[in-house]
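Derivation of every value follows stated rules applied to the coordinates shown; laboratory data play no part. Computed from a predicted model, the values in this text were never measured in an experiment. Because the Cβ atoms are built from the backbone with ideal geometry, glycine has one as well, and the counts that use them run over all protein chains shown.
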Amino acid sequence: MIACRSCGAQFDAALVRCPYCGTAYAPAEENEYMGQLEDIRTDLESADIEGYKAPEQHYKMGAPHSDDMRQYDTAYTDTRRRVIGSALRTCGLAKRAAILVVLIIAAIIMSVISSMNYADPDPDAEVRRDSERNAAAYAQEAEAYLQRGEYTEYMSYLYAHELQNCPPSEFDHLKSVTYVASEYYDCIKYMEVIILRSDDPDYFDGLDTDIGIFVRGVDEFYEVYEVQRESKQGRDYIACMDEMKTELEAAMRTYFDMDEDELREFLSTSEAQKGVILEEVLRHE
């Protein structure tokens, strides 16, 4: 899992965009583009290119990331050679036009990859360096959020300073409460997604998927809460952890129209049963 540098939400690193705010994740996009290019190369593997040699055309390399760019250039040149060779030896204007379209798509893919590789490959590196330089001050500010009971703001602060995954030693005493706060933050975010979903029937309906994410998040919150509350490191922050649990339960009672007994029953059911209950509530069934 990675944290979105725009909204702070965590999502699967295999996704090309943050599912919450739509911000592109460059490493995953690059993998997708290279996969598409490889598919094109594979599809054209059977092209008859015997006796044909395409002129070599390499675009000028820039200084940054030249080794990677040479690798991409070689892949593109190979695809270009195969496509043009096939076009020259294939009868039929339509087929040759189709091959030309594939070549254009390959060129576009390489253009996007090229522009991505000239950019900073790790745009958050400077943020992390800043966090290491100012770790003591940032730890103090982060703890102030906890003392004020601002738990989603606490996690947003950590995300903004790239402190959530590998924080400096100044944050060691906050690890346990951060584990719980991270799960709490995700539950609140997922709850917002399903509560604020449009009722418009023409709106893309992925409610069951969003509910599934939320109920898994709830179960994970309680698992992490129980473990970290009993940990030696978490003893100083038991009050914060308990307050997160209280706030999450209050939010579920309010937004899912449950009384205390109904909430207890809901929490005791399986993940699948939780999903069914919430679908009935949110679909007004």
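Here region 127-223 has an Rg and Dmax of 16.2, 51 Å, counting Cα atoms alone. Alpha-carbon geometry of region 134-285: the Rg and the Dmax are 16.8, 52 Å, given in that order. With neighbour counts taken as other beta-carbon atoms within 10 Å, the residues Leu282, Leu267 rank, fewest first, as Leu267, Leu282.
Residue by residue, region 3-12 carries 3J(HN,Hα) couplings of 9, 5, 7, 9, 10, x, 5, 8, 8, 4 Hz when phi is fed to the Karplus relation 6.51 cos²θ - 1.76 cosθ + 1.60 (θ = phi - 60°); x denotes Gly or Pro. If the chain linking Ala144 and Cys21 were pulled fully straight, counting 0.36 nm for each residue of separation and taking away their Cα-Cα distance, it would gain 41.5 nm. Per-residue extension of 0.36 nm, minus the Cα-Cα distance of Asp219 and Asp130, leaves a gain of 28.5 nm for this segment.
Extending 7 Å from the Cα toward the beta-carbon at both Ala239 and Ala251 defines two label points whose distance is 2.2 nm.
Exposure proxy shown here: for Val193, Val227, the number of other Cβ atoms within 10 Å sets the order, fewest to most, as Val227, Val193. When Ser268, Ser131, Ser6 are sorted by how many other C-beta atoms sit within 10 angstrom of their C-beta, beginning with the fewest, the order is Ser268, Ser6, Ser131. If the chain linking Glu260 and Glu192 were pulled fully straight, counting 0.36 nm for each residue of separation and taking away their Cα-Cα distance, it would gain 22.4 nm. Shown in residue order for region 132-137 are the 3J(HN,Hα) couplings computed by the Karplus curve 6.51 cos²θ - 1.76 cosθ + 1.60 at θ = phi - 60°: 5, 5, 10, 4, 4, 5 Hz (x for Gly and Pro). The lysine pair count for region 125-282, using Cα distances under 18 Å and pairs eight or more places apart or on different chains, is 5.
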